[in-house]
Each structure stands twice: as structure tokens, then as C-alpha cells.
Amino acid sequence: GAGVSQSPRYKVAKRGQDVALRCDPISGHVSLFWYQQALGQGPEFLTYFQNEAQLDKSGLPSDRFFAERPEGSVSTLKIQRTQQEDSAVYLCASSPKDREGNEQFFGPGTRLTVL
Amino acid sequence: GENVEQHPSTLSVQEGDSAVIKCTYSDSASNYFPWYKQELGKRPQLIIDIRSNVGEKKDQRIAVTLNKTAKHFSLHITETQPEDSAVYFCAASRVDVGYNKLIFGAGTRLAVHP
């Protein structure tokens, strides 16, 4: 079946612009995670959804970052007033059940470049 | 919070040799340790994982060992092949909190030379 998809794959924004990044998880997956991967680094946790509920947003760097999953499937990560330090690959991952130790399936990521 | 350190940052081996990547973690409550492989420009993919109730797990040419006392775990790849060339990430999490928030190491770039 189809894996996790993300769009756009690449986004160039001017500093100060707002951006919206989309994640389509694997159908039926309860858990959805967003990670930020800076160049040459490992992914860093941003936020977690269990269905439509955002249960952990401890990794969001500032109040300019906002995520939602209103119907418990597609999720959107929004960044307001982008800054150069926001440049990174944003990865979405989903897992099948709200249970411990399930594999997270990653999407291809959105590479955001802020000029 | 949890912190994961990974070594080495780069590793170069000849085809057929073994490769070992080591990680240490800080939170003694962590109990799930996956390893992900990420090829250039691609998504991370799980290659093996281990839970804290076992000390070793193998899958063909790949094995992971866990030392809970020392809080470190290692990835072993035997008989390396050029297609093993990629960046490998270790991660740690506490699955008892109800979801699987992964804390990743900084990655190891493995190059396997024919």
C-alpha cells in the first residue's frame, strides 16, 4: 500500500513568510509525529498526535510553529513569519496503533529553505 | 530529558569488513532502541530495534546489542556491502508513557568501498 506522503517536497520561502507543510499518513494509523532534521543532524521531535488530539507539543521551537490534525488523518505543520534558522527537512511519521514500541514509518520529508 | 550520543560520526570500511556504531543514552527509563538507515535524499527506514528486556537481537547481517547498566547500545553490520552505504541513526524512547517519542543520535555516515 501507499506509504506516508508529504507535500510539497521542497519549499523556498522568504524570511517573514508563512508556510504550510502537509503530511498524509498511512491510512488507519493512529499516531502521527513531526520531526525537524537540520543538515547533518538526526531528526528532532516536534509534536505528537493521537488521532486528532495533539498530546505532546513540547518540541515545537516557538509559538510560530503550529500543527493540527483536525480529522485524525492528514496533518499540517504551519510556520509563521519564517526565519533562516527554520531551514531544515521536516519529517512526518506515522505508526499503526497507539501502543508502545510500534515502528514509525517516515515520509520523504519537506525541505524548507528560508532566504 | 533524554540525550543520545552516537559515535563515530563517519565510518569507512572495505567491502566484506564489519562495521560497528555505538550509542549511549542518558535516561535510564528508556526501554526501546530502534536503528534507522537513511540514504541520501531518502526517508529514514527502520532496520532493527531492541527492547530493554533483551540484550541482543540479530537479523541476517545486522545485530544490535544493549547494555542497560552502562546505558549503551551498538549496531553491528557484518560482511558489509556497497549498498550498506548510508547514514545510520540510533534512537531511544520510553514506550511506557503511551507513545513512542524518539530521541535520535546525530548519525553515522557509513561508506563501504568495493
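Mind checking which strands (runs of 3 or more DSSP E) fall wholly inside the stretch B:18-114 and carry at least 1 residues that are within 27 Å of A:Y10 (Cα to Cα)?
Values: elements: B:19-25, B:32-38, B:45-51, B:56-59, B:62-67, B:72-77, B:86-92, B:108-113.
Here the list reads B:32-38, B:45-51, B:86-92, B:108-113.
Within the stretch B:39-54, count every residue that is more than 8 Å from chain A (Cβ to nearest Cβ) and within 12 Å of B:C90 (Cβ to Cβ).
Kept after step one, since they are more than 8 Å from chain A (Cβ to nearest Cβ), are these residues of the stretch B:39-54: B:39-41, B:47-48, B:50, B:52-54.
Checking which are within 12 Å of B:C90 (Cβ to Cβ) leaves us with B:47-48, B:50.
Looking only at that region, the number is 3.
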Q | Only one of A:R81, A:R111 that is over 28 Å from B:L40 (Cα atoms), at pLDDT 95 or above and not aliphatic (A, V, I, L, M) | A | A:R81
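May I ask you to list the residues in the stretch A:89-115 that are within 20 Å of A:P25 (Cβ to Cβ), assigned to a strand (DSSP E or B) and open to solvent by less than 60 Å² (accessible area, probe 1.4 Å)? Please lay out each step first, then the result.
Going through the stretch A:89-115, the residues within 20 Å of A:P25 (Cβ to Cβ) turn out to be A:89-112.
With assigned to a strand (DSSP E or B) added as a condition, the list becomes A:89-95, A:105-106, A:110-112.
Passing the criteria: A:V89, A:Y90, A:L91, A:C92, A:A93, A:S94, A:S95, A:F106, A:T110, A:L112.
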Q: Inspect all residues belonging to the stretch A:19-41 and state whether any of them is within 13 Å of chain B (Cβ to nearest Cβ) and among the basic types (K, R).
A: no
Q. How many residues does the stretch A:2-57 hold that are closer than 21 Å to B:I103 by Cα, assigned to a strand (DSSP E or B) and open to solvent by 40 Å² or more (accessible area, probe 1.4 Å)?
A. 4
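Would you point out which residue out of A:E44, A:E68 is within 28 Å of B:A106 (Cβ to Cβ) and acidic (D, E)? Don't jump to the end; show me each part of the working.
Details: A:E68 fails: within 28 Å of B:A106 (Cβ to Cβ).
Sole residue among the options that is within 28 Å of B:A106 (Cβ to Cβ) and acidic (D, E): A:E44.
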Q.
Suppose we filter A:P96, A:P25, A:P70, A:P8 for residues that are closer than 26 Å to B:I47 by Cβ and at pLDDT 95 or above; which single one remains?
A. A:P25
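Filter the stretch B:97-114 down to the residues that are buried (at least 16 other Cβ atoms within 10 Å of the Cβ), within 23 Å of B:A19 (Cα to Cα) and not small (G, A, S) and list them by number.
Looking only at the stretch B:97-114, we keep the residues that are buried (at least 16 other Cβ atoms within 10 Å of the Cβ), and these are B:99-110, B:112.
Of the ones still in play, those that are also within 23 Å of B:A19 (Cα to Cα) are B:103-110, B:112.
Selection gives B:I103, B:F104, B:T108, B:R109, B:L110, B:V112.
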Q: Please find, among B:K57, B:K71, the residue that is open to solvent by 10 Å² or more (accessible area, probe 1.4 Å) and within 14 Å of chain A (Cβ to nearest Cβ).
A: B:K57
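Hey, can you tell me all the residues within the stretch B:1-43 that are of a type outside the set (A, V, I, L, M), touching a Cys at 6+ places or on another chain (Cβ under 9 Å) and buried (at least 18 other Cβ atoms within 10 Å of the Cβ)?
Narrowing the stretch B:1-43 to residues of a type outside the set (A, V, I, L, M): B:1-3, B:5-10, B:12, B:14-18, B:22-28, B:30-39, B:41-43.
When the remaining residues are screened for being touching a Cys at 6+ places or on another chain (Cβ under 9 Å), the result is B:5-7, B:22-23, B:25, B:33-36.
Matches in the stretch B:1-43: B:Q6, B:C23, B:Y25, B:F33, B:P34, B:W35, B:Y36.
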Q. If we keep just the residues of the stretch A:61-86 that are crowded, with 19+ Cβ neighbours inside 10 Å and assigned to a loop (DSSP other than H, G, I, E, B), which is nearest to the other protein chains (Cβ to nearest Cβ)?
A. A:R69
(Q) Can you list residue pairs whose Cβ atoms sit under 8 Å apart, with the first residue in the stretch B:1-24 being within 20 Å of B:F73 (Cβ to Cβ) and modelled with pLDDT under 95 and the second being of a type in the set (S, T, Y) and in a loop (DSSP other than H, G, I, E, B)? Count only pairs 6 or more apart in sequence or on different chains. (A) B:E2/B:S26; B:E2/B:S30; B:N3/B:S26
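The values are calculated or read from the model by the stated rules, or taken from the named source; none is laboratory data. Note that the coordinates shown come from a computational prediction; the quantities given were computed from them, not determined experimentally. Cβ sites come from the backbone with ideal geometry, for glycine too, and all protein chains shown count toward neighbours. Heads up: the accessible areas ignore ligands, DNA and RNA and are worked out on the full protein's heavy atoms, side chains in. Shrake-Rupley method; radii C 1.70, N 1.55, O 1.52, S 1.80 Å.
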